[in-house]
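Participant: Starting off with a structure, shown below.
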Amino acid sequence: MADDKKLTTRAEDFSAWYNELVLKAELADYAPVRGCMVIRPNGYGIWERMQSALDAMFKETGHVNAYFPLFIPLSFLQKEAQHVEGFAPETAVVTHGGGKELEEPLVVRPTSETIIYSMFAKWVQSYRDLPVLMNQWANVVRWEMRTRLFLRTLEFLWQEGHTAHATHDEAEEEARKMLGVYRDFMEGWMAMPVVTGRKTESEKFAGALRTYCLEAMMQDNKALQAGTSHNLGQNFAKAFDLKFQSEAGTIEYAWNTSWGVSTRMIGGLVMTHSDDVGVQVPPLLAPIELMIVPIYRKDEERARVLEAADRIRRSLSDWERRAPNRLRVEIDRREGLTPGAKYFHWELRGIPLRLELGPRDLEKNQGILVRRDNREKRPVSLDMLGEEVEDLLELIQESMLIAARERRERHSVRKAISYADFRQLMEGEGAFVYAGWCGDPRCEAAVKEETKATIRCLPDEEFQSAVTPTTCLKCGAKSAEEALWARAY
Ligand SMILES: [Zn+2]
């Protein structure tokens with residue numbers, strides 16, 4: 001697709017806007033296999049930055065990385081009854097290898113609980129071997145019927161943390177802690193505010209005791225589940241004989257947790273921040289933070305401007321306030337394109353800042369800095385460029401979070417709402433609706449059937465309404481818990 005064809009706007013068709021944007025900004029492309037995608041360098045650069053930030057956070061909280069095989073014996077999946085029931089419909093199974101039929105079919109991992117806990121069982125004997133705090137960066141395959149770039153594809157990249165503990169409470173603390181790590185990452189790095197809470201029984205992970213999740217509101221007011229953290233109880237430990245000798249000398253089953261986030265977050269990033277001009281990437285995750293666009297007409301000007309651009313790039317890259325990290329600066333040296341075409345190109349791709357640099361600017365020892373988020377322009381002295389760029393990047397990062405949070409709050413409903421109004425709202429512009437739930441799964445199912453909205457989570461205390469809802473959204477009976485209802489991806 002050419003750059004110059006205008007994007008469909010969000011108001012015209014949000015879904016078409018998203019698909020076009022991902023393709024035109026060259027974040028990803030469709031692969032020859034239906035439902036698979038290629039993550040292109042612009043998208044993969046964001047993923048690499050997500051990975052390195054999260055990886056550091058996992059290590060700070062005591063986790064180590066390991067790698068487990070892609071193939072899982074089919075019998076492993078069958079050992080945990082709920083797990084196999086949840087995942088069987090979407091597994092890819094290898095039946096042949098090296099031209100021969102396999103004795104036991106191999107599942108291409110949809111998630112790795114089974115194979116990882118079978119190995120933990122081999123490694124853990126005593127309470128002294130606990131806790132085990134491990135993470136793996138990997139790809140997984142889930143045979144989805146309806147796919148969307150980044151949001152739902154047959155194969156995707158993720159990390160899955162897997163831990164084993166001596167007690168329920170330690171596992172619970174771990175599951176909650178990692179939910180907090182994800183929240184810090186999503187708000188601090190992605191500038192994407194999230195609501196945290198617990199999934200209902202019908203929405204929890206197959207085989208878990210409790211599932212916690214992070215729900216973000218996209219610009220079409222639908223929810224995106226951006227990550228999950230599970231207290232698995234002893235379900236997998238029992239299935240895989242993951243036992244240890246306790247301090248008191250008894251033999252106990254371990255308690256497990258697992259938690260994961262994936263390349264789906266890139267879809268969330270796009271749908272949270274981007275506009276009708278293009279993608280917006282928060283500075284902390286932008287592979288390039290500042291693009292220098294040299295402006296010139298004559299050859300003599302060209303040499304002078306490019307020489308200055310090189311000098312600026314070098315000095316900004318090594319700028320001491322950023323040490324030991326580097327400011328990520330590039331120069332658009334492409335010939336035969338107008339400056340306007342270059343601006344358009346980088347705005348589409350979401351580079352947070354650009355520096356326009358022409359011969360007249362150089363005479364004044366200045367450049368023009370332009371923000372991607374509000375497109376504000378300002379002349380800046382080249383002597384102060386490092387400070388200005390750094391301050392603006394911080395400001396943009398903060399502004400993006402504030403804007404996203406304000407948008408979410410504008411579309412959150414916390415006052416009593418009739419079921420008829422709720423239904424109309426879900427069919428119309430959508431919202432995050434905080435309302436009561438009697439606790440009956442039949443009400444939950446009926447709402448889903450009638451409105452396509454689900455209970456995204458039973459929100460954590462900090463997200464609950466000041467006035468606790470008293471009646472169930474659906475049946476009007478006494479409310480047992482406050483629930484966050486929305487349509488979701
Ligand atoms: Zn009810």
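Please treat every number below as a calculation from the coordinates, not as lab data. Small disclaimer: the values here were computed from a predicted structure and weren't measured. With ideal geometry, Cβ positions are generated from the backbone for all residues, glycine too; neighbour counts draw on all protein chains shown.
Participant: Under the rule a/c < 1.5 gives rounded, and otherwise a/b versus b/c splits prolate from oblate, where does the stretch 279-389 land using the Cα gyration tensor?
Facilitator: oblate
Participant: While we're here: What number, in percent, do you get for the relative contact order of the stretch 143-217 if the mean sequence gap of Cα pairs under 8 Å and at least 6 apart is divided by its residue count?
Facilitator: 21
Participant: What do you get for GluC sites (Glu not before Pro) in the stretch 262-354 restricted to DSSP loop and a cutoff of at most 15 other Cβ within 10 Å of the site's Cβ?
Facilitator: E335
Participant: Quick one: compute the contact order of the stretch 60-133, relative version, from alpha carbon pairs under 8 angstrom and 6+ residues apart, as a percent.
Facilitator: Rounded, it is 36 percent for the stretch 60-133.
Participant: About the Cα centre of the stretch 73-159, how large is the charge dipole given +1 on each Lys and Arg Cβ and -1 on each Asp and Glu Cβ? Please answer in debye to the nearest 20.
Facilitator: 260
Participant: For the stretch 1-97, which trypsin sites (Lys or Arg not before Pro) pass both filters: DSSP loop (anything but H, G, I, E, B) and at most 10 other C-beta atoms within 10 Å?
Facilitator: K5, K6, R34
Participant: Multiplying the sequence separation of A466 and E301 by 0.36 nm and subtracting their Cα-Cα distance, what value in nm do you get?
Facilitator: Extending this stretch completely gives an extra 53.1 nm.
Participant: While we're looking at this one, here's another question. Given R₀ = 30 Å, what would the calculated FRET efficiency be for R311 paired with S399, taking r from the Cβ atoms and rounding to 0.05?
Facilitator: Efficiency for this residue pair is about 0.50.
Participant: In nm, to one decimal, how far is the modelled label at Y30 from the one at E409, with both set 7 Å along Cα→Cβ?
Facilitator: Going by the 7 Å Cα→Cβ label model, 4.2 nm.
Participant: Please list, by residue number, every one of the trypsin sites (Lys or Arg not before Pro) in the stretch 84-174 that is coil in DSSP and has at most 13 other beta-carbon atoms within 10 Å.
Facilitator: R146
Participant: Continuing with this model, one more query. In nm, give the distance between the simple-model label positions of D391 and L23, each being 7 Å from the Cα along the Cα-to-Cβ direction.
Facilitator: Here the modelled spin labels are 4.3 nm apart.
Participant: While we're looking at this one, here's another question. State the answer as a single residue: which of W17, A223, M57 lies farthest towards the positive end of the charge dipole of the chain, with beta carbon charges of +1 for Lys and Arg and -1 for Asp and Glu, about the Cα centre.
Facilitator: W17
Participant: Follow-up question, since we're still on this one. Once Lys and Arg get +1 and Asp and Glu get -1 on their Cβ, which of L362, V389, A404 lies farthest toward the positive end of the dipole of the stretch 348-412?
Facilitator: A404
Participant: Moving on. When we measure straight from the Cα of K415, which lysines land under 17 angstrom away, once same-chain ones fewer than 8 places off are left out?
Facilitator: List returned: K474, K478.
Participant: While we're on this one: Compute the length gained on full extension between R378 and R442: take 0.36 nm times their separation in residues and subtract their Cα-Cα distance, giving the result in nm to one decimal.
Facilitator: Here the answer is 17.3 nm.
Participant: Which order results if V22, V329 are arranged by neighbouring Cβ count within 10 Å, fewest first?
Facilitator: Placing the least packed residue first, the sequence is V329, V22.
Participant: Using 7 Å Cα-to-Cβ label points, what is the T167/E85 separation (nm, one decimal)?
Facilitator: 3.1
Participant: Run through all the Cα pairs of the stretch 340-455 and give the fraction in each 5 Å bin from 0, expressed as whole percent.
Facilitator: Pairs per bin, as whole percents: 2, 9, 14, 13, 10, 8, 7, 7, 8, 7, 6, 4, 2, 1, 0.
Participant: Please give the contour-minus-distance gain from N365 to K100: 0.36 nm per residue of separation, less the Cα-Cα distance, rounded to one decimal in nm.
Facilitator: Gain on extension, N365 to K100, equals 88.2 nm.
Participant: Hey, another quick one. If you average the C-alpha positions of the stretch 328-360 and of the stretch 48-81 separately, how far apart do those two centres end up, in angstrom?
Facilitator: Each part reduced to its Cα centre gives a spacing of 39 Å.
Participant: To the nearest 20 debye, what is the magnitude of the charge dipole of the chain about its Cα centre, counting +1 on the Cβ of each Lys and Arg and -1 on the Cβ of each Asp and Glu?
Facilitator: Charge dipole of the chain: 820 debye, to the nearest 20.
Participant: Using +1 at the C-beta of Lys and Arg and -1 at the C-beta of Asp and Glu, which of L337, G436, T200 has the Cα lying farthest in the positive direction of the dipole of the chain?
Facilitator: L337
Participant: Can you tell me how the stretch 33-169 classifies by the Cα gyration tensor, rounded, prolate or oblate, using a/c under 1.5 as the rounded cut?
Facilitator: Verdict is oblate for the stretch 33-169.
Participant: Can you give the charge dipole size of the stretch 1-91 about its Cα centre, rounded to the nearest 20 debye, using +1 on the beta carbon of Lys and Arg and -1 on the beta carbon of Asp and Glu?
Facilitator: Taking the Cα centre of the stretch 1-91 as origin, the dipole is about 100 debye.
Participant: Kirkwood Rh over alpha-carbon pairs of the chain, then Stokes-Einstein at 25 °C and 0.890 mPa s: what D in µm² s⁻¹, rounded to an integer?
Facilitator: Reported coefficient: 99 µm²/s.
Participant: Follow-up. List the relative contact order of the chain as a percent without decimals, with contacts defined as Cα pairs under 8 Å and 6+ residues apart.
Facilitator: Relative CO of the chain lands at 14 percent.
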